[in-house]
1. Need one number: nm distance between label points at residue A:111 and residue A:80, each 7 Å from Cα along Cα→Cβ, rounded to one decimal.
2. Return the average number of partner chain Cβ atoms within 10 angstrom of each residue Cβ along peptide B:47-57.
3. Shielding by partners for B:29-40, please: the mean number of other protein chain Cβ atoms within 10 Å of each residue's Cβ.
4. Given the pairs B:56/B:102; B:37/B:102; B:5/B:109; B:37/B:109; B:71/B:109, which are separated by over 19 angstrom at their Cα positions?
5. Would you mind counting up the charge near residue A:55? Only other residues with Cβ under 15 Å from its Cβ, with Lys and Arg at +1 and Asp and Glu at -1.
6. What is the extension gain from residue B:56 to residue B:15, computed as 0.36 nm multiplied by their sequence separation minus the C-alpha to C-alpha distance, in nm to one decimal?
7. What percent do you get for the relative contact order of region A:6-101 when only Cα pairs under 8 Å and 6+ apart count?
8. Under a point-charge model restricted to the Cβ atoms of Lys and Arg (+1) and Asp and Glu (-1), what is the dipole moment magnitude of the protein assembly as shown relative to its Cα centre, in debye to the nearest 20?
Amino acid sequence: KAGVTQTPRYLIKTRGQQVTLSCSPISGHRSVSWYQQTPGQGLQFLFEYFSETQRNKGNFPGRFSGRQFSNSRSEMNVSTLELGDSALYLCASSLAPGQRTNEQFFGPGTRLTVL
Amino acid sequence: DQQVKQNSPSLSVQEGRISILNCDYTNSMFDYFLWYKKYPAEGPTFLISISSIKDKNEDGRFTVFLNKSAKHLSLHIVPSQPGDSAVYFCAGGSQGNLIFGKGTKLSVKP
């Protein structure tokens, strides 16, 4: 069974640009969550999607948005990039939200560098 | 407001000895906790979990202890191996939502 895949793996952008990252969950998983990892801040929750609907959102500005497609694939978009957006963006999939032990399976991440 | 805290950014242990990674939480609504391990350039991988109704869960060399009254959990690795060197994240979960700590970097020296 293929794991969670994320594309691209590495990305370099300049301030003010926008970026779109893609995530394909494990087959059969319908819930996709996005996290931002920066040194010293750990994993910070961005948002979660289930059945094409945003179920939860973390404490990030509106420049960060996402969506989920009918095949459960998800994209996240960051507009008007800032230097502080440089981070590893991780996608995690799980069967469905609300499970008691909702183990999430992570992809390898997309390393975004904003110059 | 950090709901999950890992107060030690790093830990160094000799091979064969015990590694103890600690995690404190403030949210009483968490009904399960998970530990993830992360190597550089890879996504986190699930290690072990514990339900809030338990106080201990064991899986091979890994044991997680939960003290609900102290809102504290710990991960014990015995014996520690050089391949255990990684960043360990503790996470609290409720209704499918996970809140992660900032991680502890474990170095196991041969």
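Quick note: the coordinates plus some simple rules give every number you see, no bench work behind them. This is a predicted model, so every value here is computed, not measured. Neighbour counts run over all protein chains shown; Cβ positions are idealised from the backbone, glycine included.
1. Result for the modelled spin labels: 2.9 nm.
2. 1
3. 2
4. B:56/B:102; B:5/B:109; B:71/B:109
5. Within the 15 Å Cβ shell, the charges total +1.
6. Net length gain for the segment: 12.4 nm.
7. Worked out over region A:6-101, it gives 37 percent.
8. Dipole of the protein assembly as shown, to the nearest 20 debye: 180 debye.
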